[in-house]
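Down below is the structure, laid out as structure tokens.
The values are calculated or read from the model by the stated rules, or taken from the named source; none is laboratory data. Keep in mind it's a predicted model, so treat the numbers as computed, not measured. Methodologically, a virtual Cβ is constructed for each residue, glycine included, from the backbone with ideal geometry; neighbour enumeration extends over all protein chains shown.
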Amino acid sequence: MSILNKNSNYSFPSYFELSNDTDEILAEFDYTFTRQRLKLPKTNREIPGLRELRNSIEETIPYVTLCSEAAKREILIAPVLSRVAVICKRILRIEYPIKVNNLLQGNLDYFIQSQYNLIVSEAKRDDLTKGFTQLAVELIAIAMLEELPNILYGVVTMGDVWVFGVLEQSSHNITRDIASYTLPDDLEEIVKILVGILE
């Protein structure tokens, strides 16, 4: 039984609102869903400005209420991604609009293009499970839109928690990492993985 009405319009946030499980929604696009520990690429090089970034985040957190999505975006997510964009010399696109068809359309919260494209999706209402479903659908949209390498990477984040995912086009599978990373403690790990993906 189909979950989606093929004649209706769905934006990426529509998939966050669906009550169905991630595997059921991805099956609508002929993708399977798995959860396992991912072996993510990670750069070995020294990351310039990392200590300053950590200090800035740690100094700021006690003085900002992180109750809203906008606050988390400005204090925790954007500083990390803008630092990664500078390190990799890549454009960070914010609220990036894409449209594949009436089922796959909307704005990507953050998108950095390189040989391996990276989507970062903000988990609305601190719901990582539904946030990952939305991220997975966004990865499928990008995979359909461009001639890309077999593997695409994405991250869903609540600001202080980051969870990675991988789309493999050859097997039509999306995997959610069973591990998660937190800010500010895992800042270096998060940045090295993001840089590793983009390089």
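In the condition set (1) without any contact (Cβ under 8 Å) to a residue 40 or more places away in the chain; (2) hydroxyl-bearing (Ser, Thr, Tyr); (3) within 30 Å of Asn173 (Cα to Cα), Thr32 is compliant with all but (1). Screening Asp160 against (1) at pLDDT below 95; (2) surrounded by 15 or more Cβ atoms within 10 Å (Cβ to Cβ); (3) closer than 20 Å to Lys99 by Cα; (4) touching a strand residue (DSSP E or B) at 6+ places or on another chain (Cβ under 7 Å) leaves a single unmet condition, (3). The condition (being closer than 30 Å to Ser2 by Cα and touching a Gly at 6+ places or on another chain (Cβ under 9 Å)) is satisfied by just one residue among Lys130, Lys99: Lys99.
Listed residues Asp127, Asp109; which is surrounded by 21 or more Cβ atoms within 10 Å (Cβ to Cβ), of a type in the set (Asp, Glu) and over 13 Å from Leu194 (Cβ atoms)? Steps first, answer last, please.
Values: Asp127 fails: surrounded by 21 or more Cβ atoms within 10 Å (Cβ to Cβ).
Checking each option against the conditions leaves just Asp109.
Between Leu81, Leu135, Leu139, Leu53, the distinction of being in a helix (DSSP H, G or I), within 18 Å of the chain's Cα centre (by Cα), more than 30 Å from Asp30 (Cβ to Cβ) and at pLDDT 90 or above belongs to Leu81 only.
Counting just the residues of the range 84-106 that are in contact (Cβ under 8 Å) with a residue 40 or more places away in the chain and part of a strand (DSSP E or B), which one comes out surrounded by the fewest Cβ atoms within 10 Å (Cβ to Cβ)? Walk me through it before giving the result.
Here is the first cut: in the range 84-106, the residues in contact (Cβ under 8 Å) with a residue 40 or more places away in the chain are 84, 87-88, 90, 98, 100, 102-106.
Subsequent filtering for residues that are part of a strand (DSSP E or B) retains 98, 100, 104-106.
Values: Ile98: 17, Val100: 13, Leu104: 21, Gln105: 16, Gly106: 20.
The residue in question is Val100.
Whenever a residue of the range 143-170 is part of a helix (DSSP H, G or I), its partners that are among the polar types (S, T, N, Q), lying with C-beta atoms within less than 6 angstrom and at least six residues away or across chains, give the pairs Ala143/Gln169. When Leu183, Leu152 are checked against the criterion of being modelled with pLDDT under 95, buried (at least 16 other Cβ atoms within 10 Å of the Cβ) and closer than 18 Å to Ala78 by Cβ, Leu183 stands alone in meeting it. All told, Ile98 falls short of being among the hydrophobic types (A, V, I, L, M, F, W, C), within 21 Å of Lys124 (Cα to Cα) and touching a Ser or Thr at 6+ places or on another chain (Cβ under 6 Å).
If I filter the range 1-30 down to residues being aromatic (Phe, Trp, Tyr) and outside any helix (DSSP H, G or I), which single residue comes out as surrounded by the fewest Cβ atoms within 10 Å (Cβ to Cβ)? Reasoning before the result, please.
Quick first cut of the range 1-30, residues aromatic (Phe, Trp, Tyr) only: 10, 12, 15-16, 29.
Within this subset, residues satisfying the condition of being outside any helix (DSSP H, G or I) are 10, 29.
Numbers: Tyr10: 20, Phe29: 17.
Within the range 1-30, the match that is surrounded by the fewest Cβ atoms within 10 Å (Cβ to Cβ) is Phe29.
For Pro184, the conditions (1) under 24 Å from Ala70 (Cβ atoms); (2) assigned to a helix (DSSP H, G or I) are fulfilled apart from (2).
Per the conditions (1) at pLDDT 95 or above; (2) buried (at least 16 other Cβ atoms within 10 Å of the Cβ), the sole criterion not satisfied by Ile75 is (1).
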